[in-house]
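Below you'll find the structure, written out as structure tokens, and then a few comments.
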Amino acid sequence: MNVNFENQKLAPPRLIPTLLAGFNTVANHIGLILFPLGLDLLIWFGPQLKLEKLLTPIYQQAFQALIAYNNPEMQQLIETSQSEMALILNRVNLTSMLSTFPIGIPSLLSSQGISETPLGAPTIFEMPSIGFIILMTFFFILIGLMLGSLYLSAIAYSTNKKTEKINLQTLANKLIKGIGLSILLVIILLVLLVPVLFIISLFSIFSPVLSQIILLVSTFILIWLLIPLIFSPHGIFAKDMGIMQSILHSIKVVRSYLPGTGMFLLATILIAQGLDLLWIAAPSNSWLTLIGITGHAFIYTALIAASFIYYQKSCEWTQELLEKIKNIKRI
């Protein structure tokens, strides 16, 4: 029996139309950029919670002990690491923990050291104890996950073709599942990273070159393992799935059209990271930084919206493809 495919439109989502749809969505719902814009304004002008005075003596003692018990080559490496640690501690601001991963609000300034603003030097509060640091870190991460869940829920609602009213109970469920998914993905990442870092550290003692090769190979393997999980949050916020159901559905969608998904992810990363070089060009004490954080907020929100559109179209295409295959098998 012949099968008529004339009216069947089996086509995966295309890259350029999907990206354009994401930008059009944000242009029509410009309020979505207030989430990342507001976070960057808080980091820029808000008080800074610093760890430098508390942690500097601790890490200096640790590095001095390492220098005393190592050979000259390792001592030079440790001294370099000590300088890098001092630079990192000088930039750390606990308020930046509001920009959480993998579910959270993107921020341009979260990794930038803000030493001066157009209104003058920022207000700085030094953390009094390690316990207070841990408490504030968990508090900011929790708030960041909640705000990130609201942000993704708003984007998912704006990209959804179905006009449905926002239900507070449904929104609360998405927040809980979003936090649970973040914790699970971090655990998965740690389970994969810890053995790799241990092996790399072990080989670096005997052969730094070999450790670099292992690091490169491990990075490609980790990326290959983690890419199928990229749409895990989308199932929760776009389709109200459970945590495990969303993860499994993300794997199925990515595997259905891996080349196209890879190209989409590569394009979004290049656009985001490439424009970040432009957004951070202005110094933090210049009002031009406001243009940077506004552009960053718009671009990242548009790319996230495009990812939701890509996910929804991929789901439709995958479902249609599976149904056609079933129909052909029955015939």
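The values are calculated or read from the model by the stated rules, or taken from the named source; none is laboratory data. Keep in mind that this is a model prediction, so the values were computed, not measured. Glycine also receives a Cβ, built like all others from the backbone with ideal geometry; neighbour counts cover every protein chain displayed. All accessible areas refer to the heavy atoms of the entire protein, side chains included, with ligands and DNA or RNA removed. Shrake-Rupley method; radii C 1.70, N 1.55, O 1.52, S 1.80 Å.
Given an 8 Å cut-off on Cα distances and at least 6 residues of separation, report the relative contact order of the chain as a percent.
29
Per the Kirkwood formula on distinct C-alpha pairs, the Rh of region 165-255 is how many angstrom?
In region 165-255 this quantity evaluates to 15.0 Å.
With springs only between Cα atoms under 10 Å, which of Val186, Val217, Val253 fluctuates most in a Gaussian network model of the chain?
Val217
Roughly how much of Met241 is accessible, in Å² to the nearest 10, using a 1.4 Å probe?
Approximately 20 Å² of Met241 is accessible to the 1.4 Å probe.
Kirkwood Rh over alpha-carbon pairs of region 221-261, then Stokes-Einstein at 4 °C and 1.567 mPa s: what D in µm² s⁻¹, rounded to an integer?
Translational diffusion coefficient: 128 µm²/s.
Please work out the FRET efficiency for the pair Ile213 and Leu193, using the Cβ-Cβ distance as r and a Förster radius of 25 Å; give the result to the nearest 0.05.
On the way: r = 18 Å, r/R0 = 0.71.
For Ile213 and Leu193, the calculated efficiency is 0.90.
How long is the gain from Thr123 to Leu142 if the chain were fully straight, where each residue apart is worth 0.36 nm and the alpha carbon distance is subtracted? Write down the numbers at each step before the final one.
On the way: separation 19, 0.36 × 19 = 6.84 nm, distance 2.35 nm.
So the extension gain works out to 4.5 nm.
Tell me, what HN-Hα J-couplings in whole Hz come from the Karplus equation 6.51 cos²θ - 1.76 cosθ + 1.60 at θ = phi - 60° for each residue of region 32-44, using x for Gly and Pro?
Along region 32-44, the couplings run 5, 6, 5, 4, x, 5, x, 5, 5, 5, 5, 5, 6 Hz.
Which one, Ile130, Ser211, Leu189, projects farthest toward the positive side of the charge dipole computed for the chain from Cβ point charges (K/R +1, D/E -1)?
It is Leu189.
Which residues' amide hydrogens lie under 5 Å from the amide hydrogen of Ile124, considering only partners 5 or more residues apart or on another chain, with H built in the peptide plane?
Gln48
Keeping all protein chains in place, calculate the accessible area per residue for the chain (probe 1.4 angstrom), answer in Å².
Values: 19300 Å² over 331 residues.
Per residue, the chain has 58 Å² of solvent-accessible surface.
If one puts a single equal scatterer on every Cα of region 228-287 and applies the Debye formula without solvent, what log₁₀ I(q)/I(0) results at q = 0.13, 0.20 Å⁻¹?
Taking Cα atoms of region 228-287 as identical point scatterers yields -0.51, -0.77.
Please report, in debye to the nearest 20, how large the charge dipole of the chain is about its Cα centre when each Lys and Arg carries +1 at its beta carbon and each Asp and Glu carries -1 there.
Dipole size: approximately 1420 debye.
How high is the FRET efficiency from Ala172 to Ile271, r the C-beta distance, R0 35 Å, rounded to 0.05? Mind dumping the intermediate values first?
Values: r = 33 Å, r/R0 = 0.95.
The computed FRET efficiency comes out at 0.55.
Report the gain in length on full extension from Leu54 to Leu222: 0.36 nm times residue separation, minus Cα-Cα distance, nm rounded to one decimal. Walk me through the intermediate numbers first.
Working: separation 168, 0.36 × 168 = 60.48 nm, distance 3.49 nm.
Additional length available on full extension: 57.0 nm.
Report the normalised scattering of the chain as log10 I(q)/I(0) at q = 0.11, 0.13, 0.14 Å⁻¹, calculated by the Debye formula with identical scatterers on the alpha carbons.
At q = 0.11, 0.13, 0.14 Å⁻¹ the computed log10 ratios are -0.87, -1.16, -1.29.
Would you work out what percent of the accessible area of the chain, with all protein chains in place, is carbon or sulfur (probe 1.4 Å)? Could you put the intermediate results ahead of the total?
Values: 13250 of 19300 Å².
About 69 percent, which is the carbon plus sulfur part of the accessible surface.
Please report Rg (one decimal) and Dmax (integer) in Å for the Cα set of region 83-233.
That works out to 19.6, 61 Å for Rg and Dmax.
From largest accessible area down, sort Met244, Met127, Met85; use a 1.4 Å probe on the protein chains.
Working: Met244 110, Met127 15, Met85 70 Å².
From most accessible down to least: Met244, Met85, Met127.
With 10 Å bins from zero, work out the P(r) of region 211-331 over every alpha carbon pair and list the percent per bin.
Reading the bins upward from 0: 12, 30, 28, 20, 7, 2, 1.
Over region 223-273, what relative contact order in percent results from Cα pairs under 8 Å that are six or more residues apart?
31 percent.
For the pair Leu135 and Leu87, how long in nm is the line joining their label points, each one 7 Å along Cα→Cβ?
3.4
Set the bar at 18 Å for Cα to Cα. Now go through Lys161/Lys313; Lys174/Lys252; Lys177/Lys252 and name every pair that lies beyond it.
Lys174/Lys252; Lys177/Lys252
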